[in-house]
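A.B. asks: Shown below is the structure under consideration.
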C-alpha cells in the first residue's frame with residue numbers, strides 16, 4: 001500500500017465525517033459513528049505513518065492494553081466534565 005492510498009482513505013473518512021454533520025440523525029448515533037471513524041483514522045495514521053506495521057506482534061500486544069487504559073480513562077474523566 002502506498003502513502004497516496006492511505007491519504008485517499010483518510011480524505012474519504014474525513015468527507016464521511018463532514019457528511020455526517022449535515023445529516024440530521026440522533027446525537028448518540030452520530031457521535032458513535034464519529035468516534036468509530038476517528039479511531040479508524042488514527043489507526044491508519046499509526047499503522048502507516050508511524051511505521052507500526054514494521055513492529056513485531058509482541059510490541060503491538062503491549063500497545064493495545066495501554067490503548068484500552070487510555071480509552072477507559074477518557075470515559076472516567078468525561079463524567080467530571082459534565083459538572
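The values are calculated or read from the model by the stated rules, or taken from the named source; none is laboratory data. No experiment lies behind these values; they were computed from the predicted model shown. Note that we place each Cβ from the backbone using ideal geometry, even for glycine, and neighbour counts take in every protein chain shown.
A.B. asks: Only residues in region 1-29 that are farther than 17 Å from residue 46 by Cβ count as the first member; pair them with residues that are assigned to a helix (DSSP H, G or I), Cβ under 7 angstrom, at least 6 apart or cross-chain, and list the lot.
C.D. replies: 16/37; 17/34; 17/37; 20/30; 20/33; 20/34
A.B. asks: If a residue counts only when it is exposed (fewer than 10 other Cβ atoms within 10 Å of the Cβ) and in contact with a helix residue (DSSP H, G or I) (Cβ under 9 Å, 6 or more places away or on another chain), which helices (runs of 4 or more DSSP H) contained entirely in the chain have at least 1 such residues?
C.D. replies: So the answer is 3-22.
A.B. asks: If a residue must be over 24 Å from residue 75 (Cβ atoms) and at pLDDT 90 or above, how many such residues does region 17-59 contain?
C.D. replies: Total meeting the criteria: 2.
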